[in-house]
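Here the structure comes first, spelled out in structure tokens, and everything after it is commentary.
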Amino acid sequence: MNMLIYLIPIALLMGGMGLLAFLWSLKSGQYDDLEGAAWRILGEDEADRKKP
Amino acid sequence: MSCCSMDTESVLALSATSSSAEETRLASHPLGAGLRQLDLSVPDVHCGACISTIERALSALAFVRKARVNLTARRVTCVYQEELDEGVTDPSEILAAINAAGYRAHLFTPSTPESDRTRNQLLLAVGVSGFAAANIMLLSVSVWSGADAATRDMFHWISAMIAAPALVYAGRFFFKSAWNVLKRGRTNMDVPISLAVTLSYAVSLWETAHHGEHAWFDASVSLLFFLLIGRTLDHVMREKARAAINGLARLAPRGALLMMPDGSQRYIAVEEIAVGDEISIAAGERVPVDGVVVSGESDVDLSIVTGESSAVAVAAGSEVNSGAMNLTGSLVFRATRLARNSLLSEIIALMEAAEGGRARYRRIADRAAALYSPAVHLLALISFLAWGFLGGDWKHAMLVAVAVLIITCPCALGLAVPVVQVVAAGELFRKGIMVKDGSVLERLGEADIVAFDKTGTLTMGRPRLIRIETIENGSAAIARGLATHSRHPLSEALVRDTDDVPIPFFDSIAEIPGGGLEAKTGSDVYRLGSAVFACGTTFIPRAGDSPFSEVVLSKNGVDLARFFFDDTLRPGAAEAVGQLDAAGLGTLMVSGDRQTVVDNTARALGIDRALGALTPKQKVEECQRLSDQGHCVLMVGDGLNDAPALAAAHVSMAPATASDIGRQAADLVFFNDRLDAVPEAIVVARRSASLIRQNFALAIGYNVLAVPIAIAGLATPLIAAVAMSTSSIIVVTNALRLNAFGKRPGIRSTERAGGQAEVKTA
């Protein structure tokens, strides 16, 4: 029983962190171009073709 | 389907390279600090290589700060500097760079970004309700597996605290919609959802406060979770198609060169053109507003406006409608109407009026809800009263009523329609057909008459040489030699369709706007063009009502050869008409072109009825007449003149080569050249209609089993949760069968058409 006092908040906290990560990814536009993202993995690193 | 086969050339190639620096600057919007953002639509991008090619090509430009390709929407967003040290930059170089990389690029005005926001809000709500459902479910499982007394109470309180914000946040879509409907004294599927969710939360809270054994927090939250998935799928499907359709080029010009009184020229936006302004239109540009030609001679292509396929000669005094393409010579033109009063806008107004009629269509889900939700409410009320009066325990009666509401809650029903539609839309997308929203598939499944436009739909709007009458040998070579110097569609067809022979030498060649080409060799004068131009007044033209366009080659006023052109039929047109016939659909042709041309095409394709020389208004009237007779019309068309009819018909389809307004008006857009897309779409729509019916049957069947259990008061939270999830999973699995259908051959009863009618996958 005493365990629960620690475990439940920890479980909720971890779930909440997952939720926050999802919210962040949504806000930063990572779902805007799902098809393109799939192809970009195969491309070169964008850092390689930064302009001087 | 390969994206490379998206041949939109015939229309788009004309507008592809005509963007000037001013026009491009007008289309981009300032970001501040000397930066501007330009949005371009690039319909050809289809893979990872395209992304990196374009991005690399753009990054190579000195003034481009950032370039990013969005493959889903087929768009490029480019941020560039307005000024460099060397001076003002020319943003049309961005278009040039993309063209040089081998892709067509068009200016693009982003539509309302609001839709994206709705999608993000829905996704957020799915995330929040999913998080809440998962955590509450964990706690519930502990309760079910034997937690009691203080522990159970604590778990229930924690569940209540997780559920409350989740319900308020994720449930607001349903609450809002339910409230809106209730205000108007009607009901829809969202009413029982909202009622069940709030009631079950309230009762569970009350139970928890009184140390009750059962609480329904898990049920109410996971119910929301499932329903939100359905709603998000529905929304995403609509947006995906819309983004890609918007991503294609816009044909309406953005501005024009204004002739100032002092002789200079200035580029102004279309909205700023006033009546009486003189504007200059170069060859290859579109006419922005209705007006009268002041000076200059040219041929204009009205196919997008009227459907008439051959070019019309214009000179000073001719009236020209907006949307016409100026082909050969440059014109000075006086505006007689404002952009908002021009033909383009009239057609849009006609379209909006026609769309009002279709807005009365009610989706299957709404029709089901109209029957279903009163029944559910009544059932819950009856069980509440019955348990209350018979059992005397009103608290228990309340619990039973809530259980009935939860168990009958249209979770599976909410998924039944959108899941099938998303799967069907995906299937069609793979075949190169885009669906704008879910109700399109329902309406398409009901279609029983298909009305085709001619130019651009049944035909490619691309002339083809069909017959040569030569009087002297070698004249075809001379004609070919002359034609290579012109961009007129008939000249291009002549070059394309004659043999590649050595071209004779000419001393000089001139293109005479409104007439044709004139070449001089020594003392001989060759002319290629209309009969009157080539042979002067000595030639008596034949009946002007021939179904073919005619070009005459003459030497010193005596005709040497005549060339006859016909429009190219769209590949697969005859097969498509055959398949539609076999599937029991009537076919009809409505065209603005001459009756003889229309009859000729109808005969070639085996279309039942052909109507020619129709105005946009008459097309709408024909559609309305048919629907008054109880038919459901599928209109297939592409031009500006078809747009009102596309909007008025029960359901409509347009090729990707259609005018912007045509694509906006149509419910489905197909990218392949082949017209097979029409029967294919009907097959998928009919299958999805039958799957939707099956899903309704499954969902209702589930209710028939589950409701008695709930009314009997036996529904524990565990049973409710399991039953609800199972019904949803069954419905989703059933929807996925649509993909399996795809492997089987086409429309039923195609055997009559003799085997060739089997549906080909693109």
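The values are calculated or read from the model by the stated rules, or taken from the named source; none is laboratory data. What you see is a predicted model; the values in this text were computed from it and never measured. All Cβ positions, even for glycine, are placed from backbone atoms using ideal geometry, and neighbour counts span all protein chains on display. All accessible areas refer to the heavy atoms of the entire protein, side chains included, with ligands and DNA or RNA removed. Shrake-Rupley method; radii C 1.70, N 1.55, O 1.52, S 1.80 Å.
Kindly evaluate A:G15 against the criterion of being at pLDDT below 80 and at the interface with chain B (Cβ under 7 Å from one of its Cβ atoms). Spell out how you get there, then give the answer.
On the way: at pLDDT below 80: no; at the interface with chain B (Cβ under 7 Å from one of its Cβ atoms): yes.
It is false that A:G15 is at pLDDT below 80 and at the interface with chain B (Cβ under 7 Å from one of its Cβ atoms).
Here is a check on your reading of the model: is A:E46 more than 7 Å from chain B (Cβ to nearest Cβ), open to solvent by 50 Å² or more (accessible area, probe 1.4 Å) and at pLDDT below 80?
yes
What tally of residues in region B:554-586 results from selecting those that are open to solvent by 10 Å² or more (accessible area, probe 1.4 Å), outside any loop (DSSP other than H, G, I, E, B) and polar (S, T, N, Q)?
Here the count works out to 1.
Just wondering, is there one or more residues in region B:87-109 that are within 13 Å of chain A (Cβ to nearest Cβ) and out of contact with any Cys (no Cβ under 8 Å at 6 or more places or on another chain)?
Scanning region B:87-109 turns up no residue that is within 13 Å of chain A (Cβ to nearest Cβ) and out of contact with any Cys (no Cβ under 8 Å at 6 or more places or on another chain).
Filtering region B:455-479 down to residues that are over 30 Å from B:A574 (Cα atoms) and touching a helix residue (DSSP H, G or I) at 6+ places or on another chain (Cβ under 8 Å), which residue is surrounded by the most Cβ atoms within 10 Å (Cβ to Cβ)?
B:A479
Inspect all residues belonging to region B:398-420 and state whether any of them is modelled with pLDDT of 75 or more, over 30 Å from B:H214 (Cβ atoms), of a type outside the set (A, V, I, L, M) and touching a strand residue (DSSP E or B) at 6+ places or on another chain (Cβ under 7 Å).
Checked region B:398-420: no residue is modelled with pLDDT of 75 or more, over 30 Å from B:H214 (Cβ atoms), of a type outside the set (A, V, I, L, M) and touching a strand residue (DSSP E or B) at 6+ places or on another chain (Cβ under 7 Å).
Out of (1) away from chain A (no Cβ under 11 Å); (2) open to solvent by 50 Å² or more (accessible area, probe 1.4 Å); (3) under 30 Å from B:T118 (Cα atoms), the odd one out for B:S145 is which?
Failed condition: (3).
In region B:165-183, which residues are surrounded by 15 or more Cβ atoms within 10 Å (Cβ to Cβ) and either more than 14 Å from every other protein chain (Cβ to nearest Cβ) or of a type in the set (K, R) (or both)?
Listed by number, the residues that qualify are B:L167, B:G171, B:F173, B:F174, B:F175, B:S177, B:A178, B:V181.
Taking B:L441 and the conditions (1) of a type outside the set (G, A, S); (2) part of a strand (DSSP E or B); (3) surrounded by 23 or more Cβ atoms within 10 Å (Cβ to Cβ), which numbered condition does it fall short on, given that it satisfies the others?
(2)
Quick check on my filter: what residues within region B:33-57 are facing chain A (nearest Cβ under 10 Å) and open to solvent by less than 10 Å² (accessible area, probe 1.4 Å)?
B:V45, B:C50, B:I51, B:E55
Kindly provide the set of residues from region B:207-218 that are over 14 Å from B:A163 (Cα atoms) and in a helix (DSSP H, G or I), ordered by number.
B:E207, B:A209
Please go through region B:64-86 and give me each residue that is modelled with pLDDT of 85 or more, open to solvent by less than 10 Å² (accessible area, probe 1.4 Å) and within 12 Å of chain A (Cβ to nearest Cβ), ordered by number.
B:V64, B:V69, B:V76 - these are the residues of region B:64-86 that are modelled with pLDDT of 85 or more, open to solvent by less than 10 Å² (accessible area, probe 1.4 Å) and within 12 Å of chain A (Cβ to nearest Cβ).
Can you tell me which residue is most open to solvent (accessible area, probe 1.4 Å) among those in region B:120-139 that are more than 10 Å from every other protein chain (Cβ to nearest Cβ) and out of contact with any His (no Cβ under 9 Å at 6 or more places or on another chain)?
Among those that are more than 10 Å from every other protein chain (Cβ to nearest Cβ) and out of contact with any His (no Cβ under 9 Å at 6 or more places or on another chain), it is B:M137.
Could you please find all residues in region B:523-553 being at pLDDT 80 or above and part of a strand (DSSP E or B)?
Of everything in region B:523-553, those that are at pLDDT 80 or above and part of a strand (DSSP E or B) turn out to be B:D524, B:V525, B:Y526, B:R527, B:L528, B:G529, B:V551, B:V552, B:L553.
Scan region B:466-495 for residues that are in a loop (DSSP other than H, G, I, E, B), farther than 17 Å from B:G329 by Cβ and small (G, A, S) and report the count. Talk me through it step by step, then tell me what you get.
Filtering region B:466-495 for residues in a loop (DSSP other than H, G, I, E, B) gives B:471-474, B:484-488.
Keeping just the survivors that are farther than 17 Å from B:G329 by Cβ gives B:471-474, B:484.
From the residues that got through so far, the ones that are small (G, A, S) too are B:474.
The total comes to 1.
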